[in-house]
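Input: a single structure, listed below in structure tokens.
The values are calculated or read from the model by the stated rules, or taken from the named source; none is laboratory data. Predicted model, so just to flag it, every value in this text is computed and none were measured. Don't worry about glycine lacking a Cβ; one is built from the backbone with ideal geometry, like all the others, and counts go over all protein chains shown. Each accessible area value is taken on the protein alone, full model and side chains, heavy atoms only, with ligands, DNA and RNA left out. Shrake-Rupley method; radii C 1.70, N 1.55, O 1.52, S 1.80 Å.
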Amino acid sequence: MTPTLPLPPNREAHLISLIQSTQSLHHLKQIHGLVLRLHLFFSGSPIATQLISSSSRLRSIPFALSLFRLFPSPSPFLFDAIIRALSDHSLFDSSLSHFALMFNSSLRPGRLAFPFALKSAAFTSRTALAFSLHAAAAKVALDLDFFVRTSLVDMYVKLDLVVCAIKVFDETPEWHRAGNVLLWNVVINGLCRSGDVERARELFDVMPERSVASWNSLVQGLLKRGDLDAAVELFEGMPERNVVSWTTMVAGLSRNGDNQRAVWMFDRMLEGGVRANEFTVASALSACSRMGALESGVRVHEYALGNGFRADGAVGTALVDMYSKCGKIERASEVFDQMEQRDVLTWTTIIMGWAIHGHWRRALQCFEDMRCACVKPDDGVFLAVLMACTHSGKVEKGVELFDSMRFDYKIEPTMKHYTCMVDLFGRAGRLEEALEFMKAMPVEPDFVLWGALFSACRAHKNVKMAELAAENFLRLKPSHSGGYVFLSNMYSSAKRWDEAEKVRTTMKDQSVEKSPGWSYIEVRGQTHRFLAGDQSHPRSNEIHNRLEELVLRAKEQGYEPDIDCVLHDIEEEDKEDSLECHSEKLALAFALISTVDREEIRIVKNLRVCVDCHSLMKVASSIYGREIILRDNKRFHHFKTGVCSCGDYW
DNA sequence: GTAGGGTTAG
């Protein structure tokens with residue numbers, strides 16, 4: 001059937017505006033049919049060009065390509081359109097080969113083809129090609145073009161050749177760059193990316209006019225190097241902020257550990273009437289995930305649901321991660337199941353989720369499912385399955401997966417994989433194998449890896465190997481307090497007091513600061529943080545009373561304080577009651593006085609939970625009939641009716 | 001043609 005389309009006398013112009021405004025590929029194909037019948041579909045026709053551009057806009061590269069291929073000798077406009085379409089859809093290789101086709105024909109690429117070819121070269125990291133393209137553009141004086149010049153600078157920035165970017169910028173005549181804010185922005189962004197915020201600031205101060213993007217780049221530069229206060233100050237002073245500015249803050253604060261402020265920024269943005277996009281939502285969810293703040297996370301989720309965000313891509317993955325890291329692995333799994341698109345990152349996230357919750361079977365099942373879904377495993381997903389084995393003591397399975405990664409998938413292990421393996425052997429008490437594994441590694445172990453071995457030695461009370469591990473740990477990372485604390489604890493529990501004392505003195509001499517243990521709990525939208533021995537909470541008295549009561553009742557049930565753990569916290573060791581001061585116990589006591597019966601209790605702790613707290617939590621879960629979900633810095637512990645989901649393996 | 005995002009060992 002011929003579609004009935006109204007055709008006024010100026011039919012070509014009308015067709016073009018019809019093509020540009022259509023929102024469906026089906027409709028576009030109908031128009032194409034009509035154009036064919038009207039004999040308006042030929043190489044030099046602007047209608048043909050518009051059809052290709054619109055296919056790209058409607059995300060159908062196959063149709064765009066099939067149109068392009070109908071022309072034995074395409075016009076320069078058609079080449080421009082297809083090169084741009086391919087580059088816009090990240091099909092950089094294809095974009096470049098079409099550029100080459102154009103270049104080698106009698107046609108010369110013009111001011112529209114070059115920018116997209118430059119972008120493609122940048123994204124495929126082809127430095128040599130980048131230089132040739134630059135030279136080719138210069139040869140025909142196109143490098144002086146507004147578009148081309150900006151693209152050149154941006155290309156060098158993307159290729160991490162900031163020096164080249166600045167050179168192009170500096171060689172741009174004054175009159176040329178005066179009215180090109182974009183050119184300035186691109187350079188400023190390049191400088192910020194390479195860490196040279198000072199120089200970026202100098203350019204920022206003298207540029208003829210600024211846009212929001214200029215500010216955003218600078219703020220991002222400061223956040224990237226951890227200068228949070230400076231970033232916030234600049235941000236607050238911005239004459240205008242857009243969704244990118246806010247997202248930059250949310251993501252940057254979160255990456256630097258200030259998740260509370262990140263979520264606050266998100267809320268402020270919404271209060272100010274700025275609509276979030278998927279980048280913002282994903283960043284906000286990530287902040288909630290890092291904090292373990294379920295209530296905030298649910299709020300962001302509700303916002304996403306109410307504003308038509310699809311739980312796919314980054315938002316979906318961030319949701320899965322948020323629920324998983326907030327203790328709701330079943331909920332994470334539901335979200336995961338409902339997703340339509342899952343990439344390797346999504347799978348990694350859910351596998352890691354099952355891993356940290358101690359469900360190695362579910363983790364491995366997901367890994368199988370992922371392979372069945374033809375998603376190619378990468379090093380990250382292997383790390384996640386190895387973690388699953390580590391947290392559940394599945395040593396043989398872990399070794400098998402590690403070998404499979406290397407030999408079946410030809411993926412070279414990274415230091416993270418090696419550490420995971422040492423942890424796998426170490427936690428299982430197979431210390432000799434762990435050490436052997438380290439010796440067989442093709443690379444020199446780093447301090448993290450020695451740290452993993454050390455933890456294993458401590459858990460399995462092998463002082464001799466612990467000394468070796470600590471020695472290397474401190475050799476590679478003398479400023480790290482953990483090494484000293486560990487070693488001192490080791491000697492203490494082996495009753496080698498003199499040596500323990502010596503380590504502590506060394507530590508004090510080098511003025512190494514110990515990172516304090518804290519626990520965090522969210523009660524009805526309010527967050528409460530406790531430090532070890534904390535008495536600053538307004539309800540501190542009640543908390544300590546409830547804790548005493550808990551310990552008494554627990555003792556009736558056979559709980560015995562584990563004295564070894566007192567030594568865990570060396571600064572507290574002289575206090576008799578220091579065991580009762582661990583921050584997770586305070587958080588638990590607070591939860592008991594501030595939540596209702598049977599309500600589940602979720603605690604987040606920044607260090608690994610000690611044996612004593614772990615056993616008290618178990619007893620508490622049965623005494624009060626509560627489910628206690630504790631996230632420590634490694635994994636989750638679900639305490640219920642006197643047992644822990646980790647099976648006391650952690 | 002510019003700015004922002006989801007996973008990752010101890």
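Other residues with beta-carbon under 14 Å from the beta-carbon of A:A138 carry, at +1 per Lys or Arg and -1 per Asp or Glu, a net charge of +2.
The angle between the Cα long axis of helix A:278-291 and the main principal axis of chain A comes to about 10°, on a 0 to 90 degree scale. Got a sec? Charge dipole of the stretch A:415-509, +1 on Cβ for Lys and Arg, -1 for Asp and Glu; which of A:F447, A:S479, A:A459 is way out at the positive end? The Cα lying farthest towards the positive end belongs to A:A459.
Remark: the stretch A:606-623, residue by residue, has Karplus-estimated 3J(HN,Hα) of 8, 10, 6, 5, 8, 4, 5, 4, 4, 6, 5, 4, 4, 4, 4, 4, 7, 4 Hz, where x stands for each Gly or Pro and the curve is 6.51 cos²θ - 1.76 cosθ + 1.60 at θ = phi - 60°.
Kirkwood Rh over alpha-carbon pairs of the stretch A:415-509, then Stokes-Einstein at 20 °C and 1.002 mPa s: what D in µm² s⁻¹, rounded to an integer? Intermediate results must be reported in sequence, preceding the final value.
Numbers: Rh = 13.2 Å.
Calculated translational D: 162 µm²/s.
Any idea what the alpha-carbon Rg over 2.2 N^0.38 Å comes to for the stretch A:606-645? Don't skip to the answer; put the middle values down first.
On the way: Rg = 9.4 Å, N = 40, 2.2 N^0.38 = 8.9 Å.
It is 1.05.
Using the Cβ atoms and a cut-off under 11 Å, what net charge is assigned to the surroundings of A:A373, where Lys and Arg are +1 and Asp and Glu are -1? Neighbourhood net charge equals 0.
Starting from the Kirkwood Rh over alpha-carbon pairs, what translational D in µm² s⁻¹ does the stretch A:261-402 have by Stokes-Einstein at 4 °C and 1.567 mPa s? Present the calculation step by step, with values, prior to reporting the outcome.
On the way: Rh = 15.5 Å.
So the translational diffusion coefficient is about 84 µm²/s.
Measure off, as a whole percent, the carbon and sulfur share of the 1.4 Å-probe accessible area of chain A, all protein chains present. For chain A, the apolar C and S fraction of the accessible surface comes to 53 percent.
The charge dipole of chain A, taken about its Cα centre with unit charges on the Cβ of Lys, Arg, Asp and Glu (plus for the first two, minus for the last two), comes to roughly 2160 debye.
Calculate, in whole percent, how much of the Cα-Cα pair population of the stretch A:118-222 lies beyond 23 Å. Within the stretch A:118-222, distances greater than 23 Å cover 22 percent of Cα pairs. When the stretch A:518-644 is described by a simple charge dipole with +1 on each Lys and Arg Cβ and -1 on each Asp and Glu Cβ, the residue from A:T595, A:P538, A:C581 located farthest towards its positive end is A:T595.
Which value, in Å², gives the accessible area per residue of chain A when a 1.4 Å probe is used on the protein heavy atoms? Write out the running numbers ahead of the final one.
Details: 30570 Å² over 650 residues.
Accessible area per residue, chain A: 47 Å².
Convex hull volume per residue, computed on the Cα atoms of the stretch A:312-351, equals 48 Å³. Each Lys or Arg adds one and each Asp or Glu takes one away; over the other residues whose Cβ falls under 10 Å from the Cβ of A:G316, this sums to -3. In terms of packing, defined here as the mean over residues of other Cβ atoms within 10 angstrom, the peptides A:261-268, A:58-65, A:595-602, A:416-423 line up highest first as A:416-423, A:261-268, A:58-65, A:595-602.
Dipole of the stretch A:129-272 computed with +1 at Lys/Arg Cβ and -1 at Asp/Glu Cβ about the Cα centre; of A:V232, A:F131, A:V197, farthest Cα towards the positive end is A:F131.
Here the peptides A:195-201, A:163-169 are ranked by packing, the mean other Cβ count within 10 Å, and the order with the highest first is A:163-169, A:195-201.
With a ≥ b ≥ c taken as the square roots of the eigenvalues of the C-alpha gyration tensor of the stretch A:518-644, please select rounded if a/c is under 1.5 and otherwise prolate if a/b is larger than b/c or oblate if it is not? Mind dumping the intermediate values first?
Working: a/c = 1.28, a/b = 1.12, b/c = 1.15.
Rounded is the answer for the stretch A:518-644, as its axis ratio a/c remains below 1.5.
Here is the size of the stretch A:68-112 from its Cα atoms: Rg then Dmax, 9.6, 27 Å. Taking only the Cα atoms of chain A, the radius of gyration and Dmax are 30.3, 100 Å. Here is how the number arises for chain A: DSSP H runs of 4 or more residues each give -39500 (n - 2.57), the sum is divided by the residue count, and the result at 222 nm is -20000 deg cm²/dmol.
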